[in-house]
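Here's the structure we're looking at; comments come further down.
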Amino acid sequence: MRCAVDFGLTNIDLLIRTDDGKLLDELMITNRGEEIEEQFRDVLAKSGRRPADFESIAVTGGRSHRLAGETNIPVTFVKEEQAIGCGGLELAGLDSALVVSAGSGTAMVAARRGKNGRI
């Protein structure tokens, strides 16, 4: 199973891909000012899973760097532009699209499988 987490300023969003390829609905919790490791475990618990359940965990977002050194979970850090583009294509099931991320900041990424560019 794989997991992707966006540690935004306000929300933490989680997306899970199961071993059989099923994409689980995105889960979200609101930042409550707790330590990021605790928030990460909370959002995983909301999904009914534990960190040990995942073969890989990818993180992005303005607060994701705080996870480094705070956990023994193997974590891959992904640039937000890449996460927005690849995540949008994956969720939409498309090979190319203009992906818009409207959060605390708004970004538009022209995404094509294997190549993304910020507009």
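Just so you know, all these numbers are worked out from the coordinates, no wet-lab data involved. As the structure is a prediction and not an experimental result, all values here were calculated from the model. Every residue, glycine as well, gets a Cβ built from its backbone with ideal geometry; the counts of neighbours run over all protein chains shown.
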Pairwise label distance in nanometres, A92 with D42, each label 7 Å out on the Cα-Cβ vector | 3.2 nm
Hey, can you rank 17-24, 85-92, 48-55 by average C-beta count inside 10 Å, highest first?
-> 85-92, 48-55, 17-24
Separation between the A52 and N11 pseudo-spin-labels, each 7 Å from Cα along Cα→Cβ, expressed in nm?
-> 3.1 nm
